[in-house]
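The structure under discussion appears below in the form of structure tokens.
The values are calculated or read from the model by the stated rules, or taken from the named source; none is laboratory data. No experiment lies behind these values; they were computed from the predicted model shown. Cβ coordinates were reconstructed from backbone atoms using ideal geometry, including for glycine residues, and neighbour counts include every protein chain displayed.
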Amino acid sequence: MKFIDKLALKIFSIIILILAVISILLMTRVLNLEVMLKQLEHFFDGGGNALKVTIIVLAVLMLLAIKGIFFTSKNQDNSKEGIILENNSGKLVISKESLENLIASVVKDIPGAETVSSKTILDKNKNLIVYVTAIVSKDVMIKDISNELQEKVKIAMKKTADLDVKEVNIKIKNITTKKIKGLPSASDEEVEKEENVKVTPEESNNQENKEE
């Protein structure tokens with residue numbers, strides 16, 4: 001919404017509020033209609049400047065009303081729909097749902113992390129800022145996984161949507177103890193250690209010969 005539209009809406013709201021208050025005061029007889037009309041008549045008779053100012057204000061209000069009724073703004077705010085890219089051939093709108101799905105797929109590929117929610121916005125300088133809320137496993141280093149997530153989100157945005165990401169802000173909502181897909185559990189690591197230290201038959205025979 002443009003500034004002129006916001007101004008017209010505020011002025012209209014103020015006028016409606018004033019009229020509503022005056023109507024209530026007149027109906028409850030707090031204000032006397034005859035007294036109020038006499039005061040207005042005295043105000044306009046007091047000098048030509050008051051009448052001129054009143055006419056100018058009413059004329060401006062009338063023009064704002066005409067604009068609001070017949071000339072609505074065509075430049076609608078599509079920021080809620082997604083990210084708008086423009087070139088000489090036209091416009092491209094990338095929905096925020098698509099960007100959020102892309103972010104979710106990036107987080108899904110990182111072992112030890114799960115996405116909870118994500119949000120993308122454009123600042124005043126048309127820079128893309130990404131907010132990611134995630135859950136991580138207790139078996140990972142939060143700093144390392146955050147750096148990896150930030151880097152991969154930037155790469156994915158550039159590669160898929162040709163968007164340069166200014167910031168990737170990460171909020172760790174929770175640290176889970178359950179096994180996250182792609183991340184080896186403690187039991188798997190113990191099995192792997194046991195397999196690594198498993199004694200071969202030859203080593204066993206050698207140990208027996210040494211004991212004899």
For this session: Answer yes or no as to whether Asn88 is surrounded by fewer than 10 Cβ atoms within 10 Å (Cβ to Cβ) and modelled with pLDDT under 75.
Result: no
Exercise. Hey, among the residues in segment 93-115 that are part of a strand (DSSP E or B) and at pLDDT 80 or above, which one's surrounded by the fewest Cβ atoms within 10 Å (Cβ to Cβ)?
Worked result: Ser95
Exercise. Could you list, in sequence order, the residues of segment 1-43 that are farther than 16 Å from Leu64 by Cβ and part of a loop (DSSP other than H, G, I, E, B)?
Worked result: Thr28, Arg29, Val30, Leu31, Asn32
Exercise. Is it the case that some residue within segment 160-169 is part of a helix (DSSP H, G or I), at pLDDT below 90, in the same structural domain as Leu92 (by TED's automatic domain parsing) and surrounded by 11 or more Cβ atoms within 10 Å (Cβ to Cβ)?
Worked result: yes
For this session: Please work out if Val140 is assigned to a helix (DSSP H, G or I), out of contact with any helix residue (DSSP H, G or I) (no Cβ under 6 Å at 6 or more places or on another chain), surrounded by 15 or more Cβ atoms within 10 Å (Cβ to Cβ) and not acidic (Asp, Glu).
Result: no
Exercise. Restricting attention to segment 15-27, does a residue exist that is at pLDDT below 75 and surrounded by 11 or more Cβ atoms within 10 Å (Cβ to Cβ)?
Worked result: no
Exercise. Considering segment 2-27 alone, what residues qualify as being touching a Leu at 6+ places or on another chain (Cβ under 8 Å) and more than 16 Å from Val57 (Cα to Cα)?
Worked result: Ile22, Leu25, Leu26
For this session: For segment 148-167, state whether one or more residues are more than 25 Å from Leu85 (Cα to Cα) and of a type in the set (Val, Ile, Thr).
Result: no
